[in-house]
Amino acid sequence: MQFQQLQYFVAVAEARHFTRAADLVHVAQPSLSQQIKALERELGADLFLRARGNITLTAAGEALLPLARRILADAETARHEVQELVQLRAGRVRLGATPSVCTGLLPDVLRAFHDRYPGVRLLIEEGGSHDLVRELARGALDLALVVLPLPSPSPALTTVELLREDLVVVSSPEAPRPGAGRRAVQVAELEGERLVMFRHGYDLRELTVAACRAEGFEPDFAVEGGEMDAVLGFVRAGLGVAVVPRMVAARSGRGLRVTPLAPPGLHRTIALAHRSDVAPPRAARELQRMLLER
């Protein structure tokens, strides 16, 4: 049984005339008649009683008609749903990002995407780069914003560098300025400062600890284990200083003093990643374009 045969059957059942039905479905009348006969052979029953100038449904035809109409209606619904997705009036994007990227980079881009495609759902998952790479590999995410270099390089992923961002030191305005009050602080001058540190698995934690060790000292943690919002809150409360991305510091509002790191400073590279073996969905590709063009 073919979909086209059901279209022709319904057309004849509604027009009660083979030639008029052929005109309705834009096919030659002999072709339509052949397809109806093929459908009857497939079903093992006549669907129409054919008398000159009078076409009526048999009992088999009466039984098939509501089912055929439902199948055609479901097909039209499926076509409409797919067109909605293709034209970005519906669908979803599953985007993974590190928490600091969610705070700094994403709000403006996601607002612009939502304004343009309000019917597309945005599902955001926060996590460290290691966790996001794993979620991408198992197909749970369409795209992910990760910090390079990846903790474990994967040939199954394609990464495109998005931005290179400076890191800065944030502190409470009521606390002494780090680095003996100078306008910029060296990483080595963080020795003796009490740091508010992110949880294990956080890219910024690993980067900051590695930079301190490269200067020959172990960082002193006043408090550790928080996410970005918690770390900034602890700094505002005067518990210590933290190393955060400049974009995050700029968005964090009042209650924080921002001190640049002196050259060569610290930086991180943010990349957009997706699976190499599967093309992202249409909506995800559009978000990818907006991120790359931001």
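The values are calculated or read from the model by the stated rules, or taken from the named source; none is laboratory data. Nothing here was measured: the structure is a model prediction, and the numbers come from that model. With ideal geometry, Cβ positions are generated from the backbone for all residues, glycine too; neighbour counts draw on all protein chains shown. Note: accessible area is taken over every heavy atom of the protein model, side chains too, but ligands, DNA and RNA are not part of it. Shrake-Rupley method; radii C 1.70, N 1.55, O 1.52, S 1.80 Å.
Each residue of region 31-38 was assigned a 3J(HN,Hα) from its phi angle through the Karplus expression (A = 6.51, B = -1.76, C = 1.60, θ = phi - 60°), giving 5, 4, 4, 5, 5, 5, 5, 5 Hz with x at Gly and Pro. Say a paramagnetic label sat at a point 7 Å from the Cα of Ala188, along Cα to Cβ; which residues of region 255-294 have their backbone N under 17 Å from it? Hits in region 255-294 for Ala188 at 17 Å: 261-266.
Extending 7 Å from the Cα toward the beta-carbon at both Ala237 and Arg92 defines two label points whose distance is 3.6 nm. Remark on Ala140: its backbone amide H falls under 5 Å from none of the residues 5 or more positions apart or on other chains, H modelled at 1.01 Å from N.
As a fraction of the 1.4 Å probe accessible area of the chain, surface on carbon and sulfur atoms comes out at 51 percent. In the chain, the longest principal axis of the Cα atoms and the axis of helix 282-293 are about 30 degrees apart. Under a 5 Å amide H cut-off, with hydrogens placed 1.01 Å from N, Glu224 pairs with Met197 among residues at least 5 apart or on other chains. Here is the tail figure for region 110-246: Cα pairs spaced more than 25 Å apart come to 39 percent of all pairs. If I fit a long axis through the Cα atoms of helix 203-214 and take the longest principal axis of the Cα atoms of the chain, what angle between them do I get, 0 to 90°, rounded to 10? Computed tilt is about 30 degrees. For the chain, the longest principal axis of the alpha carbon atoms and the long axis of helix 106-116 meet at an angle near 20°. Across region 2-39, the residues whose backbone nitrogen lies under 19 Å from the label position 7 Å along the beta-carbon direction of Gln83 are 4, 7, 25-26.
Contact order for the chain, expressed relative to its length and based on alpha carbon pairs under 8 Å spaced 6+ residues apart, stands at 21 percent. Modelling each spin label as a point 7 Å along the Cα-to-Cβ direction, I'd like the His130/Asp108 distance in nm, to one decimal. Roughly 3.2 nm, to one decimal. Working note: Cα gyration tensor of the chain, eigenvalues times five, square-rooted, sorted largest first, giving semi-axes of 67, 17, 14 Å.
Rg and Dmax over the alpha-carbon atoms of region 132-182 stand at 17.9, 49 Å.
Given the -39500 (n - 2.57) contribution per DSSP H run of 4+ residues, what per-residue ellipticity at 222 nm results for the chain, rounded to the nearest 500 deg cm²/dmol? That comes out to -13500 deg cm²/dmol. The phi-based Karplus calculation (6.51 cos²θ - 1.76 cosθ + 1.60; θ = phi - 60°) puts the 3J(HN,Hα) values of region 46-56 at 6, 9, 10, 9, 9, 10, 3, x, 9, 10, 10 Hz, whole numbers, x for Gly and Pro. With springs connecting C-alpha atoms under 10 Å apart, model the chain as a Gaussian network and identify which of Ala262, Ala63, Ala175 has the largest mean-square fluctuation. Sorting by GNM fluctuation, first place goes to Ala63.
Taking label points 7 Å from Cα along the Cα-to-Cβ direction, Leu123 and Arg20 give a separation of 5.0 nm. 3J(HN,Hα) along region 253-258, derived from phi through the Karplus expression 6.51 cos²θ - 1.76 cosθ + 1.60 where θ = phi - 60°, amounts to x, 6, x, 9, 9, 10 Hz, with x in place of Gly and Pro. Rolling a 1.4 Å probe across the protein heavy atoms gives region 46-202 an accessible surface of 53 Å² per residue.
Hey, in the GNM for the chain with a 10 angstrom Cα cutoff, which one of Asp142, Asp74, Asp108 fluctuates hardest? Looking only at Asp142, Asp74, Asp108, the biggest GNM fluctuation is shown by Asp74. Between the amide H of Val185 and those of Leu261, Ala262, distances stay under 5 Å, these residues lying 5 or more places away or on another chain, with hydrogens modeled in the peptide plane. Note on region 7-118: semi-axes of the ellipsoid equivalent to its C-alpha gyration tensor, largest first and rounded to whole Å, are 51, 14, 10.
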